[in-house]
Amino acid sequence: MARKQASQGTPATAALTAAGVPFLVHPYSHDPAAASYGLEAAEVLGVDPAHVFKTLMVEVDGRLAVGVVPVSGNLDLKAMAAALGGKKAALADPAAAERRTGYVLGGISPLGQRQPSPTVVDDSALALETIFVSGGRRGLDIELGPAELIRLTNARTARIGTGRN
């Protein structure tokens, strides 16, 4: 996989470049009226939604964490809490998520966050050669191998997504 950055630099792409990880950058024209950033990316890029993953900030027992799940489903909050050894999980306050990551909602990447958080990637990613995640802004996705994402975010994998066949 080639590296392609040309004017698409974000903390996420900088982290990948610094780590020497091969990745592809997929910019697209974001529609502010889109109901779902992830589904919009899948549609515009012509990619199966099961290969495009959304990054969700959650609070598990009062501590911020990151869940990465396919845009074709949802995050199972009970499974997310269990994956981190917690009892209760809820979606994080949007302002807290933006402060913690340094990214805006709809552009939160699991990579290059201002302050990293414990991360769980849905185990469906392991069956895929590459996955797409936010590149750090709306209208920018990064394609990379799931093993590299897991390694760079020090993530664990678990079945945290819903909506599978």
Handout entry: Residue-normalised accessible area of the chain, given per residue in Å² at a 1.4 Å probe
Key = 49 Å²
Practice task
Tabulate in residue order the Karplus-calculated ³J(HN,Hα) for the stretch 107-123, using 6.51 cos²θ - 1.76 cosθ + 1.60 with θ = phi - 60°, rounded to whole Hz; enter x for Gly and Pro.
Solution key: x, 6, 9, x, 9, x, 5, 4, 10, x, 10, x, 10, 10, 9, 4, 5
Exercise for the section: Give the whole-number value, in cubic angstrom per residue, of the convex hull volume spanned by the C-alpha atoms of the stretch 50-105. Expected result: 75 Å³
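Assuming R0 = 22 Å, what is the FRET efficiency of T17 and A147, from their Cβ-Cβ distance, to the nearest 0.05?
Numbers: r = 18 Å, r/R0 = 0.80.
Efficiency at R0 = 22 Å is approximately 0.80.
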Handout entry: Integer Hz, Karplus 6.51/-1.76/1.60 couplings in order for the stretch 135-146, x for Gly and Pro
Key = x, x, 7, 4, x, 9, 10, 10, 10, 8, x, x
Fill in the blank from the handout: Taking protein heavy atoms only, a 1.4 Å probe, and rounding to whole percent, the accessible area of the stretch 95-155 owed to carbon and sulfur comes out at 48 percent
Exercise for the section: Could you give log10 I(q)/I(0) at q = 0.18 Å⁻¹ for the chain, computed by the Debye formula over C-alpha point scatterers of equal weight, without solvent? Expected result: -1.09
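The values are calculated or read from the model by the stated rules, or taken from the named source; none is laboratory data. Computed from a predicted model, the values in this text were never measured in an experiment. In this analysis, Cβ positions are derived from the backbone assuming ideal geometry, glycine residues included, and neighbour counts consider all displayed protein chains. SASA here: full protein model, heavy atoms, side chains in, ligands and nucleic acids out. Shrake-Rupley method; radii C 1.70, N 1.55, O 1.52, S 1.80 Å.
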